[in-house]
Amino acid sequence: MIFHEVRFPSDIAYGASGGPGYSTSVVQTASGYEQRNQNWSAARGKWDVSSGLKNVDQLETLIAFFRARKGRAHGFRFKDWTDYAATDQQIGLGDDETQTFQLIKAYESGTGNETRTITKPVSGTVVVYVDGVEVTTGVSVDTTTGIVTFSEAPESNTIITADFEFDVPVRFDVDEMDVSIENFHLHEWSDIPIIEIRV
């Protein structure tokens with residue numbers, strides 16, 4: 001899979017509709033009881049960005065972006081305006097040996113939880129802390145994988161946390177454009193689905 005490290009136009013993404021989804025198989029018995037099988041351990045996002053189109057200039061930008069990605073062929077970054085940042089997120093514990101830590105975001109509600117692997121942090125937004133103290137030297141972040149690397153392993157039992165913004169790796173979920181001409185200055189693209197990809 002080819003992934004383009006370029007972000008979908010944020011002003012168009014701002015009006016997108018959609019969000020996280022799951023795959024659950026539900027089997028109902030004759031008595032009305034259900035057996036539910038969870039097929040995915042983590043959510044997969046899906047959005048329709050057509051609602052974000054507000055003018056002809058944005059449409060032209062989107063057409064160019066769609067052509068450059070060759071429809072569904074190439075992945076790209078997408079800012080989900082409903083969920084794009086994490087603060088004071090614990091990403092690991094020091095053990096005097098480990099030098100690399102994966103950015104994650106934890107979601108907790110009651111007894112349920114989900115840990116999301118963050119692979120596309122936004123450049124310049126990642127701030128790393130060891131026991132609450134900001135690390136300003138000796139640490140680097142790979143914005144294509146979300147891996148934080150220390151030049152020296154953090155000491156044992158220290159808590160590694162981070163603040164950051166992130167994008168979602170996605171692709172178009174359509175290979176054909178469906179643009180209609182409403183009038184001379186107004187065009188409409190009815191459905192523009194994009195879907196999260198696992199990277």
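The values are calculated or read from the model by the stated rules, or taken from the named source; none is laboratory data. Just so you know, these numbers come straight off a predicted model, no measurement behind them. Positions of Cβ are backbone-derived with ideal geometry, glycine not excepted, and every protein chain shown enters the neighbour counts.
Only one of the numbered conditions (1) farther than 20 Å from Asp191 by Cβ; (2) over 18 Å from the mean Cα position of the chain (by Cα) is not met by Phe66, and that is (1).
Of all the numbered requirements in (1) in contact with a strand residue (DSSP E or B) (Cβ under 9 Å, 6 or more places away or on another chain); (2) surrounded by fewer than 13 Cβ atoms within 10 Å (Cβ to Cβ); (3) in the same structural domain as Thr119 (by TED's automatic domain parsing); (4) not in a strand (DSSP E or B), Asp96 misses one, and that requirement is (1). Of the strands (runs of 3 or more DSSP E) that lie entirely inside region 109-184, not one contains 2 or more residues that are out of contact with any strand residue (DSSP E or B) (no Cβ under 7 Å at 6 or more places or on another chain). Of the residues making up region 185-199, those that are modelled with pLDDT of 60 or more, of a type in the set (A, V, I, L, M) and part of a strand (DSSP E or B) are Ile194, Ile195. The number of residues in region 157-183 being touching a Gly at 6+ places or on another chain (Cβ under 6 Å) and under 17 Å from Phe101 (Cβ atoms) comes to 2. How about region 1-90: which strands (runs of 3 or more DSSP E) wholly inside it have at least 3 residues that are acidic (Asp, Glu) and either in contact (Cβ under 8 Å) with a residue 12 or more places away in the chain or over 16 Å from Val174 (Cα atoms) (or both)? Result: empty, no element qualifies.
Count of region 99-127 residues, restricted to those that are surrounded by fewer than 19 Cβ atoms within 10 Å (Cβ to Cβ) and of a type in the set (A, V, I, L, M, F, W, C), is 4.
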